[in-house]
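Below: the structure, in structure tokens.
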Amino acid sequence: MESVICKQEKALKGKILTTIVLVFSFLFLFNETEPFLPRIILFFVTLIIFGFSISFKISKDFRNKKVYSCFGIPFFAVDLNLEFPDYISVFSASFKLNNEWSTVSALGTSEKHDRIVIRFFRNNKHHTVYKTKRYDDAVKIANKLGKMLNVEIHDAIKE
């Protein structure tokens, strides 16, 4: 195994917003009162945004990349500066998001999301490489990373 891909989840607000805009742009395609070219451009731009994702590619030689993809097809990658971990930890974490902006504040001032997290720990520094709702996915990826990098895995959920 030469590398492990850690696909980052999209935020719920992003999923909802891109879905709404994609549906709107699809319906707008059938509006015959507007010129066709702007309608088709709007649809393809929103389709690209809808399919956009970010992944961390952790490689055995530790030349890591942050990969930008559209519907799973990579189109751009930049270096991801991570320190080689002393150990990898899998644990449960809560993330709080602020809803103080726009009309979303009507839903409440904050949101709380519980996730299973994989972090690389080096001394007293850490870097989150993966967040998910599913424990099995997190353990599977952590085991792949641990085996590839020959690093100990600490599962704080089982303990």
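The values are calculated or read from the model by the stated rules, or taken from the named source; none is laboratory data. Treat the numbers as computed from the prediction; the structure is a model and nothing was measured. Counting neighbours? That spans all protein chains shown, and the Cβs are built from the backbone with ideal geometry, glycine included. Surface accessibility is based on the protein's heavy atoms, side chains included, excluding ligands, DNA and RNA. Shrake-Rupley method; radii C 1.70, N 1.55, O 1.52, S 1.80 Å.
Some observations on this one:
- In the stretch 1-35, residue surrounded by the most Cβ atoms within 10 Å (Cβ to Cβ) [restricted to those that are polar (S, T, N, Q) and in contact with a helix residue (DSSP H, G or I) (Cβ under 8 Å, 6 or more places away or on another chain)]: S25
- Number of residues in the stretch 116-126 that are out of contact with any helix residue (DSSP H, G or I) (no Cβ under 6 Å at 6 or more places or on another chain) and either open to solvent by less than 20 Å² (accessible area, probe 1.4 Å) or under 15 Å from K7 (Cα atoms) (or both): the value is 3.
- Residues of the stretch 127-138 classified as farther than 12 Å from S89 by Cβ and open to solvent by 20 Å² or more (accessible area, probe 1.4 Å), total: 6
- Cβ pairs under 6 Å, 6+ apart, first in the stretch 1-16 and touching a residue at least 24 places away in the same chain (Cβ under 8 Å) and more than 14 Å from R63 (Cα to Cα), second of a type in the set (S, T, Y) and in a strand (DSSP E or B): C6/Y130; K7/S55
- Residue check, L17 modelled with pLDDT of 90 or more, under 29 Å from K133 (Cα atoms) and part of a helix (DSSP H, G or I): no
- Count - residues of the stretch 74-93 that are part of a strand (DSSP E or B) and under 15 Å from the mean Cα position of the chain (by Cα): 2
- Residue within the stretch 96-118 that is within 14 Å of the chain's Cα centre (by Cα), closer than 19 Å to S59 by Cβ and modelled with pLDDT of 90 or more present: yes
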